[in-house]
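Working notes for the structure below.
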Ligand code: ADE
């Protein structure tokens, strides 16, 4: 998989890809992530990429020309499955979207800034708009990093034990059951007996029950979606 991220703040997007699972996925060659600084695609003085909005009002808007130039340069090299725009008014990211995106070959992610991008960018180039939740960030970069993390960890081969993604919270519309590790008793706090029993069918049944009860208690809306 190849991910091209278009941003005015590439430095904000360095560290998420330099540690842990995402770093290993890149090292293993399972994903390539390329940053493109929008300022490299403008002919204007001071590398200007934004301007005041028509009709007046506070806040700058990213201009269409540098975005067009950047996207066109990328599209000249390869086909893209999705051109995604990060925006609080997009469809909210969920596990299903992450699963779907983990199966595609090439994606572009455009990070918004200031008041956003000229609407003509969205109309002409964007195939999918994603929000990470009902709150406004200063820009789309951190949201893009979240999309990348949720997608890359699902690419086959990225997690050393592939089944561990399959038992994640949300993977089957249920929250994950509680987990415990050593010691089996700490200051009187005990691990449920069944987990120490070695009876694996019983353990599986206990986990399924716990997952269901936890979901019913904390996120009953997930059960209604089934
Ligand atoms: N840009 C600003 N806020 C955002 C959000 N909540 N999701 C995605 N992109 C954003």
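The values are calculated or read from the model by the stated rules, or taken from the named source; none is laboratory data. Keep in mind it's a predicted model, so treat the numbers as computed, not measured. No Cβ is skipped: glycine too gets one built from the backbone with ideal geometry, and neighbour counts run over all protein chains shown.
Going through (1) exposed (fewer than 15 other Cβ atoms within 10 Å of the Cβ); (2) closer than 24 Å to residue 171 by Cα; (3) away from the ligand (no atom under 15 Å from the Cβ) one by one, residue 91 falls short only on (3).
Condition first: within 16 Å of the ligand (Cβ to nearest atom) and either under 25 Å from the mean Cα position of the chain (by Cα) or more than 27 Å from residue 169 (Cα to Cα) (or both). Can you find one or more residues in region 70-78 that meet it? Let's see the steps before the verdict.
Of region 70-78, the ones within 16 Å of the ligand (Cβ to nearest atom) are none.
Within region 70-78 (the criterion being within 16 Å of the ligand (Cβ to nearest atom) and either under 25 Å from the mean Cα position of the chain (by Cα) or more than 27 Å from residue 169 (Cα to Cα) (or both)), the answer is no, since none of the residues qualifies.
Determine, yes or no, whether residue 116 is within 16 Å of the ligand (Cβ to nearest atom), under 16 Å from the mean Cα position of the chain (by Cα) and either crowded, with 21+ Cβ neighbours inside 10 Å or in the same structural domain as residue 78 (by TED's automatic domain parsing) (or both). So residue 116 fails the test.
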